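S.K.: One structure coming up, written as structure tokens, with questions to follow.
The values are calculated or read from the model by the stated rules, or taken from the named source; none is laboratory data. Values in this document were obtained by computation on a predicted structure and should not be read as measured data. Cβ: placed from backbone, ideal geometry, glycine included. Neighbour counts: every protein chain shown. Heavy atoms of the whole protein, side chains included, go into the accessibility calculation; ligands, DNA and RNA do not. Shrake-Rupley method; radii C 1.70, N 1.55, O 1.52, S 1.80 Å.
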Amino acid sequence: MKSSTQVRNRRRDALSLFLVCAVSLLLLVYVGLGEAQRTLIKFQIAKLAAQGEIVQHLMETHLRAGLGLRQFIGFQPITDRILSSDSGVIRIAVLNSEGVSVFINDRADEFSAERPLESGERVQVTPRFEARQNDLYLYVSLPLRNRFEVVGQLMVVMPLSVIESRVNQYQTLFLGLTLGCSVILALLAYRFADLPRPDRLRLQRWGFTSALLIMTVVFMVVLSALYTEGAQITVKALADSLGKRVGAIVDNGIDLKDIEGLERAFDEYRRDQNNVRAIGLIENGRVVIHTEPQAAGREWISEPGTFEYSVAVGKGAQSAQIAVSLSADVVYRAVVMNIKNFAALFLAVGFLSALFLHLANALHQDTDFLATPATFMGIEALEKVKPVLFIAVFVDNLSASFLPQLLYDATTSAQLPPALASLAFMTYFFCFAFILVPAGYLAERRGPKFLIGSGSLLAAAGSLILVFSTHLASMVLARILSGCGQGLLLIGVQSFILVAAPIHQQTQANGIIVYNFNAGMIAGMALGSLLAIYVAASGVFALGGTVLLLLALYAGILPTIKSASAVVKAKSRLGGISGIFKALGDLDFLKTMFLIGVPSKAILTGVLLFAMPLLLSTMGFDHEEIGQIIMFYAIGVLLSNFKVSRWIDQSAGARKVLFFGMIVCAFGLLLMGSVGLFSVMGWPNYPVIETLVLLVGVFIVGLAHGAINAPVVTHVANGAFAAHIGIAPATAIYRFLERFGHIAGPIVVGQLLYLGDNSVLVIGWIGLAILIFAFLFGWRESSSKSAVVKGT
């Protein structure tokens with residue numbers, strides 16, 4: 001019997017780890033290959049633009065002579081050479097100023113859209129060209145000008161399938177690597193299934209981390225090869241474009257030495273192409289013209305760290321070469337950008353895999369704990385409830401990167417003032433706040449399981465509505481349902497944790513909420529912003545709704561702790577509005593609320609989620625970089641919360657930690673605000689230093705909030721008010737009043753930004769206010785201690 005149980009446990013552990021590893025690595029592969037495709041599109045855009053410039057130059061020479069578009073002769077043979085030399089280009093067309101086709105040359109039956117500019121989203125705009133993309137094609141449009149105005153546009157079209165097929169060549173490699181890593185980890189799990197549970201979990205984490213690192217390293221090697229290939233294609237197209245333009249002049253019998261302004265033309269071409277290192281005209285092995293004047297008259301020397309391509313121009317005695325070198329930094333920068341994205345993705349997948357591992361082990365109901373039966377039941381319950389809040393927050397943050405824009409678009413399409421979009425956005429926070437107190441009392445009567453299940457269903461309905469409709473009314477209804485659902489989930493998890501945790505581990509139990517909130521925030525923001533690119537907003541909402549429906553089913557297998565619920569109910573003295581009025585009469589509760597809780601939440605929503613994206617955008621940061629900077633807040637919270645929760649449970653110093661946490665928070669805000677001094681004082685801007693200061697400031701604020709979020713709940717739960725009304729209602733009332741910080745944060749900070757002319761310095765002034773709040777909170781405690789000493 002024992003032997004069969006051991007075999008079953010071994011198979012169970014092996015299968016669990018295999019599934020966790022396979023799902024996580026497949027997610028990494030899916031997003032990673034998508035990122036590779038996005039970057040390769042940028043290289044292809046540069047190539048298409050260079051090919052289009054060959055035709056553009058010849059046509060504009062014709063147009064500047066005073067002739068019309070339809071009078072141009074030679075479009076067919078010129079474009080035939082491009083189509084025959086590049087199988088990826090399927091159409092080159094000329095449209096007049098009204099969008100009507102004048103010339104078209106394409107591959108038969110491969111393209112049928114007459115007005116390609118009317119479809120697809122804009123992906124790149126420069127003074128030289130505009131690039132658009134839809135589900136099937138990539139379009140590059142170049143303006144055609146005469147001496148006075150733009151009279152038409154030249155279109156170069158490429159199917160996205162060309163890029164997709166190139167990337168998909170590596171699918172077999174990564175799928176095989178995924179299968180291999182998953183099988184190896186499963187075999188290790190089977191072999192070491194008899195280890196004690198902590199050692200087994202540690203081995204699983206190390207094995208899974210190693211698999212992620214191996215996959216990431218292989219991805220970096222593959223991406224470097226792909227981007228190198230893309231850079232070589234680009235430099236070849238640039239050289240061909242320049243060679244055709246110069247060759248057209250030489251073919252008319254003009255000597256290269258008689259061409260005036262060629263040096264200036266080369267220099268302007270290099271300035272237009274940011275990544276071009278050098279351009280040179282080579283004749284008889286010697287450089288005649290070079291973008292670096294000191295190189296003229298010497299032999300052409302290949303520079304290290306560049307991609308080079310040369311093209312012949314002229315014939316016979318006029319034969320020469322034009323060489324173009326492209327800096328290899330373009331590949332390095334692309335790889336570094338992907339490394340940053342992979343780092344964020346690595347964190348997201350890591351948190352998700354940790355969730356899956358804990359979930360799998362919790363469902364197995366292991367009994368190898370060195371604990372009393374009562375304590376074991378609490379630990380078992382905590383293990384099972386850990387994934388709930390993580391999944392709820394994860395789904396809530398999947399749409400964080402694009403939901404505000406969807407609300408704005410829905411408001412404008414309804415012909416309503418755009419300002420109403422912010423009110424629709426705030427509907428979530430209002431509903432979240434006002435559901436908390438009723439949820440606290442509902443937790444006593446129906447139990448936490450009921451709140452978790454019903455909250456999951458409401459939040460799932462809020463996500464699934466947006467799969468089918470993004471009209472304003474639908475979005476407002478979805479925000480209402482999501483806010484109510486997330487509020488029920490929070491109180492359900494909080495009540496579950498507080499009654500299940502041993503009394504000496506309450507702060508660590510509250511730390512579970514803080515950890516899962518921030519881990520879910522990191523994973524949701526990282527994955528949601530990337531998945532929206534590939535499956536669109538409706539796909540993200542469908543994924544979120546499906547996950548929440550599964551969470552509702554999972555709530556049914558959570559353990560029920562009736563005795564603990566009865567204890568909490570017995571402690572309850574007040575209900576509804578009377579409980580809130582009682583809270584407002586407790587001085588310590590008020591001080592904790594309005595000097596610690598509300599300001600902390602206002603900083604989160606007002607400064608970090610509202611002001612920082614706005615300010616960083618005006619400073620020139622990309623959306624991905626903005627998200628990665630703000631993610632350091634959640635990382636700081638996690639690191640701080642992990643250490644602080646254990647320390648408080650051992651030393652009972654929650655009040656002191658809250659005081660120092662606010663001091664550290666003020667320092668982080670002051671550090672972020674100091675970036676505004678550069679412009680106020682007229683100092684030169686150093687983007688790297690500014691980025692580093694903002695990054696460190698955001699991280700410090702995260703560390704500070706990690707020292708506040710869990711201890712403040714413990715402080716409230718251990719206070720006189722909680723002893724009178726009960727822990728669940730007291731903490732629910734605290735959560736309810738605390739949410740006014742969430743609501744007020746964007747409004748207050750928005751007005752401060754308006755008065756401060758959108759300066760980062762405003763964040764520094766907020767830091768000063770937080771510093772004052774901290775000393776008011778600490779001063780009261782110091783006064784009380786002094787009074788006790790004198791009385792003694």
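S.K.: Which whole-Hz ³J(HN,Hα) couplings does segment 398-411 yield from phi under the Karplus relation 6.51 cos²θ - 1.76 cosθ + 1.60, θ = phi - 60°, glycine and proline marked x?
M.R.: 4, 9, 4, 7, 10, 4, x, 5, 4, 5, 5, 5, 5, 5
S.K.: Roughly how many Å² of ASP267 are accessible to a 1.4 Å probe, to the nearest 10?
M.R.: Counting only protein heavy atoms, ASP267 exposes about 50 Å² to solvent.
S.K.: Per-residue HN-Hα couplings for segment 32-38, Karplus 6.51 cos²θ - 1.76 cosθ + 1.60 at θ = phi - 60°, whole Hz, x for Gly and Pro?
M.R.: Coupling constants for segment 32-38: x, 5, x, 5, 4, 5, 4 Hz.
S.K.: Separate question: Would you mind counting up the charge near GLN124? Only other residues with Cβ under 9 Å from its Cβ, with Lys and Arg at +1 and Asp and Glu at -1. Let's see the in-between values first.
M.R.: On the way: positive: LYS42, ARG122, ARG132; negative: GLU130.
With Lys, Arg at +1 and Asp, Glu at -1, the net is +2.
S.K.: For segment 223-237, what does the Karplus curve 6.51 cos²θ - 1.76 cosθ + 1.60, with θ = phi - 60°, yield as ³J(HN,Hα) per residue in whole Hz, taken in order and with x for Gly and Pro?
M.R.: Those phi angles translate into 5, 4, 5, 5, 6, 4, 4, x, 5, 5, 4, 5, 5, 5, 5 Hz.
S.K.: Using the eigenvalues of the Cα gyration tensor, what equivalent ellipsoid semi-axes result for segment 1-77 when each is taken as the square root of five times the eigenvalue, whole Å, largest first?
M.R.: Details: eigenvalues 879, 17, 8 Å².
Here the semi-axes work out to 66, 9, 6 Å.
S.K.: Long-range amide H contacts for TYR137: which residues qualify at under 5 Å (H placed 1.01 Å from N, peptide plane, sequence gap of 5 or more or a different chain)?
M.R.: Amide H to amide H, under 5 Å and 5 or more residues apart or across chains, TYR137 pairs with LEU160.
S.K.: For segment 132-242, what does the accessible surface come to per residue with a 1.4 Å probe? Please give it in Å².
M.R.: Spelled out: the 1.4 Å probe surface of segment 132-242, per residue, equals 46 Å².
S.K.: Then there's this: Take the alpha carbon gyration tensor of segment 43-198, find the square roots of its eigenvalues, order them as a ≥ b ≥ c, and report rounded if a/c is under 1.5; if not, report prolate when a/b exceeds b/c, else oblate. Kindly include the intermediate steps, with their values, before the conclusion.
M.R.: Working: a/c = 3.93, a/b = 3.18, b/c = 1.23.
Here segment 43-198 falls in the prolate category.
S.K.: Sticking with this one: Checking the table LYS47/LYS244; LYS384/LYS601; LYS236/LYS340; LYS386/LYS591 against a 24 Å threshold on Cα-Cα, which pairs fail? Please list the in-between numbers first.
M.R.: On the way: LYS47/LYS244 15 Å; LYS384/LYS601 28 Å; LYS236/LYS340 29 Å; LYS386/LYS591 31 Å.
Table pairs above 24 Å Cα-Cα are LYS384/LYS601; LYS236/LYS340; LYS386/LYS591.
S.K.: What is the set of long-range amide H partners of ARG286 at a cut-off below 5 Å, with H atoms built 1.01 Å from backbone N?
M.R.: Long-range HN contacts for ARG286: none found.
S.K.: Still on this structure, I have one more. Whole Å is fine, so just give me how far the alpha carbon centre of segment 135-209 lies from that of segment 398-437.
M.R.: 33 Å
S.K.: Now for a separate question. Please report, in whole Å, how far the alpha carbons of segment 154-200 spread along each principal axis, starting with the longest.
M.R.: 69, 19, 7
S.K.: Can you list, bin by bin at 10 Å, the percent of alpha carbon pairs in segment 714-764, starting at 0?
M.R.: 24, 29, 19, 21, 7
S.K.: Follow-up. Which residues' amide hydrogens lie under 5 Å from the amide hydrogen of THR306, considering only partners 5 or more residues apart or on another chain, with H built in the peptide plane?
M.R.: ALA328
S.K.: Run the accessible area of segment 383-437 with a 1.4 Å probe and give the carbon-and-sulfur part as a rounded percent.
M.R.: Numbers: 1500 of 2190 Å².
Carbon plus sulfur share of accessible area: 68 percent.
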